[in-house]
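Asks: The structure that follows is given in the form of structure tokens.
The values are calculated or read from the model by the stated rules, or taken from the named source; none is laboratory data. Fair warning: this is a prediction, and the values are worked out from it, not measured in the lab. Cβ coordinates were reconstructed from backbone atoms using ideal geometry, including for glycine residues, and neighbour counts include every protein chain displayed.
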Amino acid sequence: MNITNDIVTEYIHNFYKPLSNELDDLREQSENNNIPIILKETENFLVNFLKIIKPKKILEIGTAVGYSSIVFATAIPGVKITTIEKDEDLYTLARYNIERFALTGRINLFSGDADDIIKTLNADYDFVFIDASKSHYRDFFKAAEKKCLTGAVIVSDNVLLKASTVDDSFDKGRRHRTNIKRMREFLNYLNEREDLSTALLSCGDGLAITKLNDE
């Protein structure tokens, strides 16, 4: 389901410009194979947002085929990226794509459980992108913030779950009740924490943009 409006989304897509022909091909391949990657409007927003905040080290939880990591690395010259993927098949595809784009020196790809891997990382990240198992967002967030610099930004993708986070009626067949329940709990958790500043946007499938306090 399109949580905004098909006409509005189509209009926005008219302004979409891939960062390269190779990335456009990777997007098309991923979409044709039903591999979840960031939506076009989400990509546009994140690319421009990253150009504004200019992070030096990015932590990504949920690599899929490596598309978003490659986008980030292409958009921000010199940025270093750590990305984690649990699914072995996707990890293999991501490794291939990162090598194909000649970005192995800037994108450090890990295979395994994010909670375990995050514990081994240095606390020097100034941007985090969460796009993995939706029922574990709160755990991912709490683990990631411990590895962030003061004032870092954490962006959580797909938080509206095709509008089902807003209303149960959008979950046809009641197939995603656990994800919905935990996502609502996660968003409430962000909102209730006075040491965080969080904005919830309807961009793409919903983004939660959280800034850690500068104190």
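Asks: Of everything in region 1-30 that's loosely packed, with under 13 Cβ neighbours inside 10 Å and among the charged types (D, E, K, R), which residue is farthest from Ala208 (Cα to Cα)?
Replies: Going through the qualifying residues, I end up with Asp25.
Asks: Shifting gears a bit: Based on this model, can you work out whether Tyr189 counts as aromatic (Phe, Trp, Tyr) and surrounded by fewer than 20 Cβ atoms within 10 Å (Cβ to Cβ)? Can you show your working first?
Replies: On the way: aromatic (Phe, Trp, Tyr): yes; surrounded by fewer than 20 Cβ atoms within 10 Å (Cβ to Cβ): yes.
Considered against the rule, which asks whether it is aromatic (Phe, Trp, Tyr) and surrounded by fewer than 20 Cβ atoms within 10 Å (Cβ to Cβ), Tyr189 comes out as yes.
Asks: Another question about this same structure. Looking only at region 29-64, which residues are within 18 Å of Tyr96 (Cβ to Cβ) and either of a type in the set (Phe, Trp, Tyr) or part of a helix (DSSP H, G or I) (or both)?
Replies: Selection gives Gln29, Ser30, Glu31, Asn32.
Asks: Provide a single number: the residues in region 192-215 that are assigned to a helix (DSSP H, G or I) and buried (at least 16 other Cβ atoms within 10 Å of the Cβ).
Replies: At the first step, the residues of region 192-215 found to be assigned to a helix (DSSP H, G or I) are 192.
Those still in the list that are buried (at least 16 other Cβ atoms within 10 Å of the Cβ) too: none.
Looking only at that region, the number is 0.
Asks: Then there's this: So, in region 87-121, of the ones that are in contact with an Asp or Glu (Cβ under 8 Å, 6 or more places away or on another chain) and surrounded by 18 or more Cβ atoms within 10 Å (Cβ to Cβ), which residue ends up nearest to Phe140 (Cα to Cα)?
Replies: If we take residues in region 87-121 being in contact with an Asp or Glu (Cβ under 8 Å, 6 or more places away or on another chain) and surrounded by 18 or more Cβ atoms within 10 Å (Cβ to Cβ), then Phe110 is nearest to Phe140 (Cα to Cα).
Asks: Based on this model, can you work out whether Gly62 counts as on the phi > 0 side of the Ramachandran plot, modelled with pLDDT of 95 or more and crowded, with 19+ Cβ neighbours inside 10 Å?
Replies: Details: on the phi > 0 side of the Ramachandran plot: yes; modelled with pLDDT of 95 or more: yes; crowded, with 19+ Cβ neighbours inside 10 Å: yes.
Yes, satisfied.
Asks: Test Phe49 against the criterion of being under 28 Å from Asp115 (Cβ atoms), surrounded by fewer than 19 Cβ atoms within 10 Å (Cβ to Cβ) and of a type in the set (Phe, Trp, Tyr), and give yes or no.
Replies: Yes.
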